[in-house]
Amino acid sequence: MNLVQWVNFPALGDGRGSLVALEGNKSIPFDIKRVYYLFGTQPGIARGFHAHKALKQVAVCVTGKCKMLLDNGTEKTEVWLDSPIKGVVIDSMVWHEMHDFSPDCVLLVLASEHYDESDYIRGYEIFIKAVGQ
Ligand code: TYD
């Protein structure tokens, strides 16, 4: 599986503006059990710094932009989330960090499971051991 998997959302537009509809098991490659969003991120703040054992997520900046670092233990890459019609998949067992939030950034995240703290791996060394590197 590629470390970076983009999901393109068709924008349904007309003279009034644009609309994006996200549906589980259609544009989003899993059943959506939870939606959350980050906004008002303070200047210079970075977030994330964890991986999930089982959770799959898709993240999209509906307004503004931020940088997402994705790391599967062997490969590491950074992508800009800067479009309301393009999301990135955060697969299970992918370490991720979000940096360089614009002041207006609203980062919407669709998640395959309900919130479960026991699904988090919050230590990078523990993550590297868990992925066998
Ligand atoms: P956390 O996942 O640590 O934020 P980030 O990784 O984006 O920096 O979550 C911050 C806090 O919010 C933490 O106390 C857990 C809580 N939280 C929920 O209660 N439900 C959720 O769905 C999420 C994502 C977080």
Q: Kindly list, by first and then second residue, each pair from a residue in the range 113-131 that is under 23 Å from D31 (Cβ atoms) to a residue that is modelled with pLDDT of 95 or more and exposed (fewer than 15 other Cβ atoms within 10 Å of the Cβ), limited to pairs with Cβ atoms under 6 Å and residues at least 6 apart or on different chains.
A: E113/K33; H114/K33; H114/R34; D119/K53; D119/A54
**Q.** Test: residue in the range 98-107 that is within 14 Å of the chain's Cα centre (by Cα) and open to solvent by 30 Å² or more (accessible area, probe 1.4 Å)
**A.** yes
Q) In the set G87, G132, which member is modelled with pLDDT under 95 and either closer than 17 Å to M1 by Cβ or not aromatic (F, W, Y) (or both)? A) G132
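Among the residues of the range 29-47, how many are free of Cβ contacts under 8 Å to residues at least 60 places away in the same chain and of a type in the set (K, R)?
Of the residues in the range 29-47, the ones free of Cβ contacts under 8 Å to residues at least 60 places away in the same chain are 40, 42, 44-47.
Subsequent filtering for residues that are of a type in the set (K, R) retains 47.
Total meeting the criteria: 1.
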**Q.** Residue, nearest to T63 (Cα to Cα), within the range 20-52, restricted to residues that are part of a strand (DSSP E or B) and open to solvent by 100 Å² or more (accessible area, probe 1.4 Å)
**A.** F39
Q) Identify, please: which residue in the range 109-133 is under 20 Å from A46 (Cβ atoms) and away from the ligand (no atom under 12 Å from the Cβ) and is, among those, surrounded by the most Cβ atoms within 10 Å (Cβ to Cβ)? A) F127
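Within the group V88, V94, which residue is closer than 18 Å to L22 by Cβ, among the β-branched types (V, I, T) and either open to solvent by less than 30 Å² (accessible area, probe 1.4 Å) or within 14 Å of the ligand (Cβ to nearest atom) (or both)? Walk me through how you get there before you give the answer.
Numbers: V94 fails: closer than 18 Å to L22 by Cβ.
When all the criteria are applied, what remains is V88.
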Q: State the number of residues belonging to the range 48-60 that are more than 14 Å from the ligand (Cβ to nearest atom) and in contact with a strand residue (DSSP E or B) (Cβ under 6 Å, 6 or more places away or on another chain).
A: 1
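The values are calculated or read from the model by the stated rules, or taken from the named source; none is laboratory data. Note that this is a predicted model, so its numbers are computed, not measured. So basically every Cβ, Gly included, is an ideal-geometry build from the backbone, and we count neighbours across all protein chains shown. These accessible areas exclude ligands, DNA and RNA; they are computed on the full protein's heavy atoms, side chains included. Shrake-Rupley method; radii C 1.70, N 1.55, O 1.52, S 1.80 Å.
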